[in-house]
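These notes are about the structure you will find just below.
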DNA sequence: GATACATCCTCTAGCTGCTAGAGGTTCAAG
DNA sequence: CTTGAACCTCTAGCAGCTAGAGGATGTATC
């Protein structure tokens with residue numbers, strides 16, 4: 001029987017976050033002591049590890065909900081899990097492409113700054129005038 | 001004299017967002033008509049373009065606040081603007097590195113999935129057991 | 001059995017950066 | 001003068017947590 005604190009340490013998830021996962025139905029309601037404190041078993045530890053690892057790989061909580069559901073039904077075909085992972089991969093690739101364009105632009109800004117007064121600062125100038133950019137970049141909402 | 005809608009179209013910023021920027025003090029309070037509607041001038045259009053462009057380059061609203069302040073004082077040395085841009089560049093590079101590790105892992109997961117039942121799905125298996133990962137990856141909070 | 005104190009509990013509010021909607025007013029064209 | 005698009009304010013919501021108040025519990029030690 002594990003306390004929430006132990007679970008927290010074992011998975012690297014904050015105590016508050018574990019309670020939050022329970023609240024949104026991602027973690028099941030655990031057993032309680034007479035005094036009302038949560039006690040977990042190993043299955044729940046595994047589940048939290050799964051969640052945590054999926055988060056590290058960038059999956060949304062909604063995607064994780066689906067993945068957990070699939071994981072709970074070993075006899076279903078796994079196309080769906082595969083599709084979710086592919087979707088995630090695609091997203092990651094898109095984000096990388098956008099970041100690449102940003103990096104180019106930022107590098108250029110920084111390299112051209114000559115260290116004078118803000119009045120002639122290349123960094124600020126570029127921000128003032130998008131037409132000075134070589135690449136299209138659209139980071140907002142990434 | 002520009003309406004908020006015109007400003008919105010010219011900069012690609014939603015009307016609500018412009019009002020939000022005003023609320024948090026990023027945009028100045030504009031003049032108003034007798035009836036209470038906002039009217040902007042070109043200086044304010046420029047300012048919003050600056051904000052918008054900076055957002056596209058991934059700067060936080062706090063960073064933009066600093067950059068705007070620097071831009072308003074052309075006689076100060078521009079080291080600071082340069083530092084903010086360098087910081088941003090560093091962040092972008094860190095995020096790219098993290099995404100790269102993720103991509104590797106996701107690719108591997110997807111390629112190894114043989115299309116059977118969820119019980120033997122490689123995707124789910126990897127999520128269950130971090131030790132199957134080749135790389136360290138820590139996306140959370142990216 | 002008493003005491004200390006770390007850990008637990010619930011609840012509310014806050015973070016970033018918007019976005020959406022309700023319910024009502026103003027402006028400009030015809 | 002009427003219509004209808006665009007404006008106004010206000011509140012609440014999104015993801016995914018995180019922090020803090022104010023109090024109860026569990027366990028180790030004496």
Checklist entry - Rg and Dmax of the range B:1-40 over Cα atoms: what are they, in angstrom? => result 9.6, 27
Checklist outcome for this item: Expressed in angstrom and rounded, the centroid-to-centroid distance over alpha carbons for the range B:3-45 and the range A:65-130 is 29 Å
Checklist entry - For the protein assembly as shown, how big is the tail of P(r) above 34 Å, as a whole percent of Cα pairs? => result 41 percent
Checklist entry - Of B:135, B:17, B:118, how do they rank once you tally other Cβ atoms within 10 Å and put the fewest first? => result B:135, B:17, B:118
Next on the checklist: Need one value for A:83-95: mean number of C-beta atoms belonging to other chains within 10 Å of its residues' C-beta atoms.
Outcome noted: 5
Checklist outcome for this item: at residue B:10 the sorted inter-copy label distances (label 7 Å from Cα on Cβ side), in nanometres, are 6.1
Checklist outcome for this item: Here the correct list, in nm and shortest first, of distances from residue B:90 to the same site in the other copies, label points 7 Å along Cα→Cβ, is 3.6
Next on the checklist: Please compute the modelled spin-label separation between residue B:6 and residue A:79, points set 7 Å along Cα→Cβ, answer in nm with one decimal.
Outcome noted: 5.5 nm
Checklist entry - With labels modelled as points extended 7 Å from the Cα through the Cβ direction, what inter-label distance (nm, one decimal) is found for residue A:45 paired with residue B:41? => result 6.8 nm
Item to check | Averaged over A:43-49, number of beta-carbon atoms from partner chains that fall within 10 Å | outcome: 1
Item to check | Length-normalised contact order for chain B - Cα pairs under 8 Å, 6+ apart - percent | outcome: 15 percent
Checklist entry - Tilt of helix A:61-71 relative to the longest C-alpha principal axis of chain A, in degrees (0 to 90, nearest 10)? => result 40 degrees
Checklist entry - For chain A, max minus min Cα coordinate along each principal axis, in Å, sorted largest first? => result 69, 40, 20
Checklist entry - Inter-copy label distances at residue A:72, 7 Å along the Cα→beta-carbon direction, one decimal in nm, shortest first? => result 5.4
Item to check | Full-extension gain in nm, residue A:136 to residue A:112, via 0.36 nm per residue minus C-alpha separation | outcome: 6.7 nm
Checklist entry - For the range B:91-132, treating each Cα as an identical point scatterer without solvent, what Debye log10 I(q)/I(0) comes out at q = 0.26, 0.28, 0.30 1/Å? => result -0.85, -0.92, -0.99
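No lab work stands behind these numbers, since they all come straight from the coordinates. Note that the coordinates shown come from a computational prediction; the quantities given were computed from them, not determined experimentally. In this analysis, Cβ positions are derived from the backbone assuming ideal geometry, glycine residues included, and neighbour counts consider all displayed protein chains.
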